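Student: Would you mind keeping the following structure in view while I ask a few things?
The values are calculated or read from the model by the stated rules, or taken from the named source; none is laboratory data. Worth saying up front: this structure is predicted, and the values here are computed from it rather than measured. Here the Cβ is made from the backbone with ideal geometry for all residues, glycine too, and neighbour counts use every protein chain on show. Only protein heavy atoms, including side chains, enter the accessible area calculation; ligands, DNA and RNA are left aside. Shrake-Rupley method; radii C 1.70, N 1.55, O 1.52, S 1.80 Å.
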Amino acid sequence: MNKFKTFIILLVSFILQTTIFSKIDIFGANVNLLLPAIVAISQVLASKTATYGALFVGLLEDFLFTNFIGVRALSYFLLGSFVASDSFRFGKSKVTGFILTIIASIFNFLLLSLIYYILTRQSGFFNYIPLPLVVESLLNGLIYLIYILIVKKIMYIPTYRM
């Protein structure tokens, strides 16, 4: 059931991102609803559900809006698998998720800029740094706080008692 709920959360986030939030410009930055959703879901659920959900949404975004298939899917997949991995043992607190969302926003920008620069030899890297990147990262962090409340409210998280 959590897989279906994850799919619904990511699909609704994708629809809101592409229809409403891509048009809102705050100090040159656009909020990316998918990054905080991926971080929140990756913190709460198992790694397979989070990473494959992130991969699916990334591929959907690539097919619909970009020239190169798989770039955003790779970025979202790496972020989801990094946050959900057991080898790093991130805390499940809101502060840790907020910081991870800010780092994920910066990592996503740098990875996408690097890949697009390699593929097209055109760089928009210096046009976007530093204020819009900082604003976007902070806005994504604030959106994360909303997502973590939603995810914890609707997802079934088993508790084990001894």
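Student: For segment 59-76, how many residues meet the condition of being assigned to a helix (DSSP H, G or I) and without any contact (Cβ under 8 Å) to a residue 24 or more places away in the chain? Write out each step before concluding.
Tutor: Kept after step one, since they are assigned to a helix (DSSP H, G or I), are these residues of segment 59-76: 59-65, 71-76.
Add one more test, that the residue is without any contact (Cβ under 8 Å) to a residue 24 or more places away in the chain, and what stays is 59, 62-63, 73.
Looking only at that region, the number is 4.
Student: Follow-up. State all residues of segment 1-48 that are surrounded by fewer than 16 Cβ atoms within 10 Å (Cβ to Cβ), of a type in the set (S, T, Y) and touching a helix residue (DSSP H, G or I) at 6+ places or on another chain (Cβ under 6 Å); if no residue qualifies, say none.
Tutor: Once the filter is applied, which keeps residues that are surrounded by fewer than 16 Cβ atoms within 10 Å (Cβ to Cβ), of a type in the set (S, T, Y) and touching a helix residue (DSSP H, G or I) at 6+ places or on another chain (Cβ under 6 Å), segment 1-48 yields only S47.
Student: Name, by its number, the condition in (1) modelled with pLDDT under 85; (2) closer than 22 Å to S13 by Cβ; (3) polar (S, T, N, Q) that does not hold for T96.
Tutor: The single condition T96 does not satisfy is (1).
Student: Sort through A84, A29, A40 and tell me the only one that's hydrophobic (A, V, I, L, M, F, W, C) and within 12 Å of the chain's Cα centre (by Cα). Step through it out loud before you land on a result.
Tutor: Values: A84 fails: within 12 Å of the chain's Cα centre (by Cα); A29 fails: within 12 Å of the chain's Cα centre (by Cα).
Unique residue meeting the criteria: A40.
Student: Next question. Listed residues S113, S87; which is out of contact with any strand residue (DSSP E or B) (no Cβ under 8 Å at 6 or more places or on another chain), open to solvent by 80 Å² or more (accessible area, probe 1.4 Å) and small (G, A, S)? Spell out how you get there, then give the answer.
Tutor: On the way: S113 fails: open to solvent by 80 Å² or more (accessible area, probe 1.4 Å).
Among S113, S87, only S87 is out of contact with any strand residue (DSSP E or B) (no Cβ under 8 Å at 6 or more places or on another chain), open to solvent by 80 Å² or more (accessible area, probe 1.4 Å) and small (G, A, S).
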